[in-house]
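Accompanying notes for the structure given below.
Derivation of every value follows stated rules applied to the coordinates shown; laboratory data play no part. The structure displayed is predicted, hence computed values, not measured ones. Here the Cβ is made from the backbone with ideal geometry for all residues, glycine too, and neighbour counts use every protein chain on show.
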Amino acid sequence: MKLSKKEADKLAEKFENKEPQEVLKWALDTFHPKISLASSFGAEDNVLVDMLSKINLKFRVFTLDTGRLNQETYDLIDKIRKKYNAQIEVYYPNTERVEKMVFQHGMNLFYDSVDYRRLCCRIRKVEPLMRALSGLDAWITGLRRAQSITRTGIKKIEIDEAHGNIVKVNPIVDWSKEQVWDYIKKNDVPYNVLYDKGYASIGCEPCTRPIKPGEDIRAGRWWWESPEMKECGLHVHKKK
Ligand code: SF4
């Protein structure tokens, strides 16, 4: 099932002030089983897993294992898998592409230049994402507008032009960090223990660090780069 840009804009307007569960119910009713949650098992993604499990036990979720994640993240994936009886689809990078990249540029190439960092993100994340999305009519994300200056223009329903014009559903795009954690506490949702160690946003181990009080929540991601560079290519948004 496809939506036109006009239909998506209309739905985005309709759902702008609605609860995320209402958006998710519409999305599952419309697209299941050709809809899946993209999860890196950050706090927002776990909120959505909990909500989805309460709407349809057969919800789909996929994740990208870059090979450079923290052990705490792997532990959490199994915890979520057991708690929600979730069949988590895990996508890995192409082995030959990783081997060639490391042979040419080293294990930790991402620190050497923005281009090398993007190359690593492309091979370890963007290409596996393409495979994960192929065959889907829609995907769900835990993006929030308040997360970074690159995310302020996101709508609840969008057409994802970068991924074959499938539908992108962002049910908690208008939530604050406090709302996310409030939901986690009230609903006993598992979360990554790295949050308790000062992390605010969790990605790959070498590219993520805890933040200091008062720092921007994305300050711990690719901290050696300027804020407008801080996307890995998974989420492509047009400037408004
Ligand atoms: S976040 Fe870092 S390690 Fe992970 S894919 Fe991107 S550059 Fe590579």
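Relative to the first principal axis of the alpha-carbon coordinates of the chain, what is the inclination of helix 20-31, with its axis defined by its Cα atoms, in degrees from 0 to 90 and to the nearest 10?
90 degrees
How would you order 32-45, 200-213 from highest to lowest mean count of nearby Cβ atoms within 10 Å?
Ranked by mean Cβ neighbours within 10 Å, highest first: 32-45, 200-213.
Mind ordering 157-164, 11-18, 107-114 by average Cβ neighbours within 10 Å, highest first?
157-164, 11-18, 107-114
Quick check: Cα centre of the stretch 160-178 to Cα centre of the stretch 135-159, how many Å?
2 Å
Stretched out fully, how many nm does the piece from Thr152 to Arg122 gain, at 0.36 nm a residue minus the Cα gap?
Result for the pair: 8.5 nm of gain on full extension.
When Lys and Arg each count +1 and Asp and Glu each count -1, what net charge do the other residues less than 14 Å away from Pro190, Cβ to Cβ, add up to?
So the environment of Pro190 carries a net charge of -2.
Hey, what angle do you get for helix 71-84 against the long axis of the chain, alpha-carbon based, 0 to 90 degrees rounded to 10?
Here the helix axis deviates by roughly 20 degrees.
Taking the Cα-to-Cβ direction at Asn85 and at Trp223 and moving 7 Å from each Cα, how far apart do the two end points lie in nm?
If labels sit at Asn85 and Trp223, their model points lie 4.3 nm apart.
Tell me whether the stretch 114-240 comes out rounded, prolate or oblate; compute the Cα gyration tensor, take square roots of the eigenvalues as a ≥ b ≥ c, and use a/c under 1.5 as the rounded threshold.
Note, shape of the stretch 114-240 comes out oblate.
List, in order, the whole-Hz ³J(HN,Hα) value for each residue of the stretch 149-166 obtained from phi through the Karplus relation with A = 6.51, B = -1.76, C = 1.60 and θ = phi - 60°; use x for Gly and Pro.
Here the 3J(HN,Hα) series is 5, 7, 10, 5, x, 6, 9, 5, 10, 9, 9, 8, 5, 6, 10, x, 6, 7 Hz.
Give me Rg/Rg_expected for the stretch 95-147, where Rg uses Cα atoms only and Rg_expected = 2.2 N^0.38 Å with N residues.
Against the compact-globule rule of thumb, the ratio is 1.42.
State the answer as a single residue: which of Thr63, Leu52, Asn94 lies farthest towards the positive end of the charge dipole of the stretch 32-143, with beta carbon charges of +1 for Lys and Arg and -1 for Asp and Glu, about the Cα centre.
Selected residue: Leu52.
Counting just the Cα atoms, what span does the chain cover along each of its three principal axes? Round to the nearest Å and put the largest first.
The principal-axis extents, from largest down, are 47, 37, 36 Å.
Mind listing the Cα extents of the stretch 10-145 along all three principal axes, in Å, largest one first?
48, 36, 27
Which angle between 0 and 90 degrees, to the nearest 10, do you get for helix 177-187 versus the longest principal axis of the chain when only C-alpha atoms count?
70 degrees
Would you mind calculating the gained length between Lys185 and Lys197 on full extension (0.36 nm times residue separation, minus the Cα-Cα distance), in nm to one decimal?
2.6 nm
Calculate how many DSSP beta bridges within the stretch 5-193 are antiparallel, expressed in % of all such bridges and rounded to the nearest 5.
Counting DSSP beta bridges with both partners in the stretch 5-193, the antiparallel share is about 25 percent.
Quote to one decimal, in nm, the extra length available between Asp29 and Arg131 on full extension: 0.36 nm per residue of separation minus the C-alpha distance between them.
34.4 nm
Tell me the relative contact order for the stretch 5-193 as a rounded percent, counting alpha carbon contacts under 8 Å between residues six or more apart.
Relative contact order for the stretch 5-193 comes out at 29 percent.
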